[in-house]
Amino acid sequence: MVKEMEDIIRIKGGRKLKGEVTVSSCKNSVVAILPSVVMASEIVKLYDVPDIKDVQILIKLLEFLNVKVRADGDELTIDPTNITYVDLLDDDVMKLRASYYFMGALLGRFKHVRMYSPGGCNLGPRPIDLHLKGFEALGARIKQEGNIIEITADELLGDDIYLDFASVGATINIMLAACFARGRTTIENAAKEPEIIDLSSMLNKMGAQIRGAGTSEITIHGVNRLKGCIHDIIPDRIEAGTYIIAAAACGEDVTVNNVIPQHIEALTSKLEEMGVKLEQGSDYVRVYESPELKAVDIITQPFPGFATDLQQPLTSLMTKAKGDSKIEETIYAERFKHCHELNQMGANIEYRTGESLVHGGTPLHGTDIFATDLRCGAALVIAGLMADGETFIHNAYHIYRGYDSIVSKLRAIGAEIE
Ligand code: EPZ
């Protein structure tokens with residue numbers, strides 16, 4: 001698994017991309033789905049599991065809990081029947097954000113969890129107060145000592161929970177714990193991301209009673225037990241968006257397959273506004289060569305608004321557009337580290353907390369640059385494809401956390417990348 005482990009990606013820019021690329025299953029779904037399996041009393045089988053670093057780490061954490069995981073290609077058979085509770089005080093917990101889904105899942109199953117705070121991309125402050133408030137509303141007590149969080153409940157009782165912000169993580173964590181809470185829980189102002197629908201449809205196959213996922217009000221009737229299931233994970237909308245942007249930047253004619261176009265409407269409509277020529281089918285987006293690009297403004301928002309995760313990759317494309325593009329980042333005010341790196345390549349981007357201004361029409365040149373987080377890395381790969389000369393992206397491990405086989409997929413459509 002994860003074959004592309006070298007820590008530097010080298011790209012010789014200027015090659016035209018042509019052909020077909022297939023998107024893998026969704027990282028932000030699978031990273032919620034894997035921890036949720038601890039709630040099952042029977043075997044769970046997952047298809048099309050992406051080969052990414054975050055999945056490997058979560059499998060190690062499952063094994064730490066004595067959950068048996070067997071991989072056969074991209075299929076995972078997960079057997080939680082002999083699960084034993086242990087405190088998740090393992091360094092791996094701090095390597096990714098999604099380890100926090102063990103909080104909701106283990107609290108639901110064992111009424112107790114003690115673990116390190118999660119890590120994940122450094123995007124500025126990423127509090128989890130809404131998760132903890134949600135657990136408290138269900139009757140849990142929280143104790144925090146340094147980096148260790150302990151959550152305990154004698155019994156979980158359903159409640160009406162209003163989220164001050166439609167947080168993806170808090171919605172999922174509360175949904176997980178509430179599956180085993182007595183009575184009815186409602187989450188108001190819930191996040192509506194497709195990954196939440198995917199997780200809830202899997203939990204419902206396991207016998208959960210969740211209604212309304214994908215809307216701002218989710219209702220969960222607690223149950224006593226969850227059984228096994230077979231589940232196919234949805235395609236990754238952010239990976240799809242990344243390849244579509246790369247194709248808009250350097251493509252002659254690229255078809256991105258395994259896409260749910262409704263999941264990326266905010267992106268495709270912005271790209272069309274920029275002058276990118278697109279054709280959308282039921283499960284693909286075809287991108288034609290688009291030499292003339294116009295500047296556009298975007299504001300990142302929770303789904304179905306423009307995804308913060310695509311703001312960074314789109315910035316690279318904006319350097320090519322005629323005029324000034326403005327980005328207002330409302331989710332992670334400090335998610336602009338890629339701008340520094342792009343400026344090293346010849347871009348002209350002003351940025352400060354909450355916003356950036358991309359002065360377009362600046363050709364990029366290759367140099368040594370650093371991925372500081374996952375989507376920064378994706379932005380730099382696109383920039384490297386666009387640039388004149390050779391680009392060396394250091395700290396490429398950030399990229400392998402979320403992009404399955406990115407080097408071989410890009411090479412297959414004509415990129416010179418290794
Ligand atoms: C998820 O992060 C994704 N991660 C992120 O993907 C994505 O950028 C983000 O949702 C927004 O779409 C995973 O799914 C593992 P949030 P999450 O809770 O759950 C504030 C990527 O590149 N907030 O919706 O952490 C928070 O600070 C990654 O794939 C609180 O204030 O996002 C942020 O400003 C990075 N208190 C905003 O809400 C809380 O208790 C959105 O956070 C929780 C969140």
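A search for C-beta distances below 8 Å between a residue of the range 127-148 that is away from the ligand (no atom under 12 Å from the Cβ) and any residue that is open to solvent by 40 Å² or more (accessible area, probe 1.4 Å) and assigned to a helix (DSSP H, G or I), counting only pairs 6+ apart in sequence or on different chains, returns Ile142/Glu136; Asn147/Met94.
Being in contact with a Leu (Cβ under 9 Å, 6 or more places away or on another chain), farther than 14 Å from His394 by Cα and either open to solvent by 10 Å² or more (accessible area, probe 1.4 Å) or aromatic (Phe, Trp, Tyr) (or both) narrows it down to one residue among Gly346, Gly354; which is it?
Result: Gly346 is the single residue among Gly346, Gly354 that is in contact with a Leu (Cβ under 9 Å, 6 or more places away or on another chain), farther than 14 Å from His394 by Cα and either open to solvent by 10 Å² or more (accessible area, probe 1.4 Å) or aromatic (Phe, Trp, Tyr) (or both).
The requirement of being within 16 Å of the ligand (Cβ to nearest atom) and of a type outside the set (A, V, I, L, M) is satisfied by Phe336.
Table: residues versus (1) surrounded by fewer than 24 Cβ atoms within 10 Å (Cβ to Cβ); (2) assigned to a strand (DSSP E or B).
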| residue | (1), (2) |
| --- | --- |
| Val223 | yes, no |
| Ile230 | yes, yes |
| Glu239 | no, no |
| Ile244 | no, no |
| Ala247 | no, no |
| Val254 | no, yes |
| Val259 | no, no |
| Gln262 | yes, no |
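Whether any residue in the range 153-169 is over 18 Å from Ile57 (Cα atoms), in contact (Cβ under 8 Å) with a residue 60 or more places away in the chain, out of contact with any Phe, Trp or Tyr (no Cβ under 7 Å at 6 or more places or on another chain) and more than 9 Å from the ligand (Cβ to nearest atom) is what I want to check. The answer is yes, given that some residue of the range 153-169 is over 18 Å from Ile57 (Cα atoms), in contact (Cβ under 8 Å) with a residue 60 or more places away in the chain, out of contact with any Phe, Trp or Tyr (no Cβ under 7 Å at 6 or more places or on another chain) and more than 9 Å from the ligand (Cβ to nearest atom).
Only residues that are part of a loop (DSSP other than H, G, I, E, B) and in contact with a helix residue (DSSP H, G or I) (Cβ under 9 Å, 6 or more places away or on another chain) were counted in the range 86-139, giving 14.
The set of residues in the range 178-195 being away from the ligand (no atom under 11 Å from the Cβ) and open to solvent by 30 Å² or more (accessible area, probe 1.4 Å) consists of Arg182, Gly183, Arg184, Glu188, Asn189. Checked against the criterion of being in a loop (DSSP other than H, G, I, E, B) and either among the β-branched types (Val, Ile, Thr) or more than 16 Å from the ligand (Cβ to nearest atom) (or both), the candidates Thr315, Thr372 yield just one match: Thr372.
Consider the range 144-162 and keep the residues that are in a strand (DSSP E or B) and acidic (Asp, Glu). The one that is modelled with the lowest pLDDT is Glu145.
Look through Pro291, Pro304, Pro363 and report the one residue that is open to solvent by 30 Å² or more (accessible area, probe 1.4 Å), more than 23 Å from the chain's Cα centre (by Cα) and touching a residue at least 12 places away in the same chain (Cβ under 8 Å). Before you say what the answer is, go through the steps one by one.
Numbers: Pro291 fails: touching a residue at least 12 places away in the same chain (Cβ under 8 Å); Pro304 fails: more than 23 Å from the chain's Cα centre (by Cα).
That would be Pro363, the only listed residue that is open to solvent by 30 Å² or more (accessible area, probe 1.4 Å), more than 23 Å from the chain's Cα centre (by Cα) and touching a residue at least 12 places away in the same chain (Cβ under 8 Å).
The rows are residues; the columns are (1) in a loop (DSSP other than H, G, I, E, B); (2) under 24 Å from Tyr101 (Cβ atoms); (3) more than 16 Å from the ligand (Cβ to nearest atom).
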| site | (1), (2), (3) |
| --- | --- |
| Ser29 | no, yes, no |
| Val38 | no, yes, yes |
| Val49 | yes, yes, no |
| Gln56 | no, yes, no |
| Lys60 | no, yes, yes |
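The values are calculated or read from the model by the stated rules, or taken from the named source; none is laboratory data. Quantities reported herein were computed from a predicted structural model and do not represent experimental measurements. So basically every Cβ, Gly included, is an ideal-geometry build from the backbone, and we count neighbours across all protein chains shown. The protein model used for the area step is the full one, side chains on, heavy atoms only, and it has no ligands, DNA or RNA in it. Shrake-Rupley method; radii C 1.70, N 1.55, O 1.52, S 1.80 Å.
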